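The values are calculated or read from the model by the stated rules, or taken from the named source; none is laboratory data. None of the values given here were measured: they were computed from a predicted structure. As a convention, Cβ positions derive from the backbone with ideal geometry for all residues, glycine included, and neighbour counts pool all protein chains shown.
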């Protein structure tokens, strides 16, 4: 009967007083780092990285939890090491989840006269228990002492906080370096393609009014190079055949250049030895 009255009070939002046992038990903190200890069997509730809920005789990184107030008398319990919320299925089975679902992962917190806390699912009306979904208040596996953390902070709270900050900084640095790398190689790529295009346009202008047979053949070769460059989607960095298409352009340029230099003493091999930019 007391449990029903308590649940009803939570749902209608009864305001807690500014003094009393809830503050003496650190209920005044919005977020508490605690180990939920079922003293009679001697087990700490722990949330493993695989989402399984179990018990540990000693405090461990997986038994350290955040207890965060989300509404009057209602809390969310989250494993620090696993970064998973404590949740409950309809049959009372507990599980860990990276996704917070209010109805399944929120619990009413109530301190009993003997100092133990119980946690009740508002949706399922079931006690959080290391022994399963039994509603009996005398169930020792459902009565917890929220103990202060005695573990070194480095491998738990500080490690998680440091990892998150480091990951964020690394992401920003990686994006910046990736952008600079893309700009550098994009500029080199564009310069090489523009060089070939400029070569083709120049010779088209020189040869288009020349009626000599050799000149007409050279003009066709230049026009073929120009057409290949114009249809080349070099502005699309996700074009999957980018390198293959570029090699065909380079080969076509070398072939065209050789044809333009036949019988011309002023031609030399410098453009053929142009360094590949990619």
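Scan the range 141-148 and give yes if some residue there is closer than 30 Å to residue 118 by Cβ, modelled with pLDDT of 85 or more and exposed (fewer than 11 other Cβ atoms within 10 Å of the Cβ), otherwise no. Yes, because at least one residue in the range 141-148 is closer than 30 Å to residue 118 by Cβ, modelled with pLDDT of 85 or more and exposed (fewer than 11 other Cβ atoms within 10 Å of the Cβ).
Within the range 131-138, the presence of a residue that is touching a strand residue (DSSP E or B) at 6+ places or on another chain (Cβ under 8 Å) and surrounded by 22 or more Cβ atoms within 10 Å (Cβ to Cβ) is excluded. Restricting the range 90-113 to residues that are closer than 15 Å to residue 128 by Cα and free of Cβ contacts under 8 Å to residues at least 40 places away in the same chain leaves a set whose member that is farthest from the chain's Cα centre (by Cα) is 112.
For the range 203-211, state whether one or more residues are part of a helix (DSSP H, G or I), modelled with pLDDT under 85 and within 16 Å of residue 255 (Cβ to Cβ). No, the conditions are met nowhere in the range 203-211. The set of residues in the range 51-66 that are under 24 Å from the mean Cα position of the chain (by Cα) and in contact (Cβ under 8 Å) with a residue 40 or more places away in the chain comprises 51, 52, 61, 64.
Could you say whether any residue in the range 58-72 is surrounded by fewer than 14 Cβ atoms within 10 Å (Cβ to Cβ) and outside any strand (DSSP E or B)? Yes: the range 58-72 contains one or more residues that are surrounded by fewer than 14 Cβ atoms within 10 Å (Cβ to Cβ) and outside any strand (DSSP E or B). Which members of the range 77-121 meet the condition of being assigned to a loop (DSSP other than H, G, I, E, B), surrounded by 16 or more Cβ atoms within 10 Å (Cβ to Cβ) and modelled with pLDDT under 95? Within the range 77-121, 80, 81, 82, 92, 116 qualify. Each residue in the range 172-201 was checked for being within 17 Å of residue 226 (Cα to Cα) and modelled with pLDDT under 80, and 1 of them qualify. Looking at this structure, is residue 39 closer than 17 Å to residue 148 by Cα, in contact with a helix residue (DSSP H, G or I) (Cβ under 7 Å, 6 or more places away or on another chain) and touching a residue at least 12 places away in the same chain (Cβ under 8 Å)? No; evaluated as a whole, the condition is false for this residue.
In the set 132, 125, only one residue is at positive phi, at pLDDT below 85 and assigned by TED's automatic domain parsing to the domain that holds residue 80; that residue is 132.
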